[in-house]
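Down below is the structure, laid out as structure tokens.
The values are calculated or read from the model by the stated rules, or taken from the named source; none is laboratory data. It should be emphasised that the depicted structure is a prediction, and the values quoted were computed from it without experimental measurement. Every residue, glycine among them, receives a Cβ derived from its backbone with ideal geometry; neighbour counts consider all protein chains shown. Each accessible area value is taken on the protein alone, full model and side chains, heavy atoms only, with ligands, DNA and RNA left out. Shrake-Rupley method; radii C 1.70, N 1.55, O 1.52, S 1.80 Å.
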Amino acid sequence: MEDQWTRRVWPPPESNNTGPNNAEPNNAGPNNAEPNNAEPNNAEPNNAVPESTGRENAGRESPARESPMRHGVPPSSAAPMWRGDPAWPADQVWPTDPIWPADQAWPSDPALSDEPPAAGRYGAPVRPGRRMPRWLSRLLVAVLALVSAGTVIGAVVVTVLSRAEGEPPRVIDDALAGISYALPAGWSEGVVAPVTGFTSVAAHGDLGTVMARPGDPVDPPHLRSAVIDLTDLYARLLLHGDDVEVVDDHAVTVNGRPGHTRAIRAEYRDVVNEPAFLRVTLLTRPDGKSTVMLALAHPDAPGTRSDIDALISGAH
């Protein structure tokens, strides 16, 4: 019997007396117990606390505690007790809560999911990758542009060089002058002016020019004097130099044909014209006639001189 009096029950019995004047005093106890024929289960405990007293709780019934399992949370995180409810021992479960197996996870509430509503149809969202810095992307674009430009330029240079190496040197065959000569690299055949008497011409842009024409018959002992006269004539027509200097004068043999060559260099006192170089070569022919070759370089440069000498010495 003493154990029954000390045991707490839940929920506490509802009281029909709502006003403070009608509240019954707490007389439950061993000394004021009902007769022995009363059922012990209907007796109130000695330390029972009335549900509520006062005007603030008048006419309000004690709400029944809802099971925390209805919201998908374990009993340990249940809502706080109402004011006036007796404390429930922590080692006991609520009478209305079912015992959940320890080896199973608590059911999750779909309304509390972290995924968006459309995740079921389109899949869970994926976090975007880290974006490349703008300066790094610009640097990569510049490097790729330089590499592409270098590749294109290299391909063009290789193509031009391969064509230059594969193509045979161009040869000008001047039947009227009775001579043929090959063109150095960078030289091309030009258009002959009809009033000059020359029958073929080769040019390297505006840097150098070589022309050929037929000449009068000349005996080998008189080749030098004929070359001197021709050099003075073309120097007056083409150079008009303030200071003219003879830089070369000697006999030559080109492809078995005797001849003579003479070269002069003209300088100018003004600041506009650069020094010029002129060479005249006279070669004999098997038919008794001669061939006149006139070369001009302006400005005078070692490279242009070398091309002129190579062209004349390779004639046949």
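General remarks:
- Once all protein chains are placed together, Met211 keeps about 50 Å² accessible to a 1.4 angstrom probe.
- Environment charge at Ala315 (Cβ cut-off 10 Å; Lys +1, Arg +1, Asp -1, Glu -1): 0
- Shape of region 226-281, Cα gyration tensor, a/c cut at 1.5: prolate
- R0 of 35 Å, Cβ-Cβ distance Arg131-Thr151: FRET efficiency to nearest 0.05: 0.75
- Modelled label positions at Ala182 and Arg170, each set 7 Å beyond Cα in the direction of Cβ, lie 1.6 nm from each other.
- Over region 191-276, the hull volume per residue, using the convex hull of the C-alpha atoms, is 126 Å³.
- Judged by the mean number of other Cβ atoms found within 10 Å, the most tightly packed of the peptides 295-302, 239-246 leads the ranking 295-302, 239-246.
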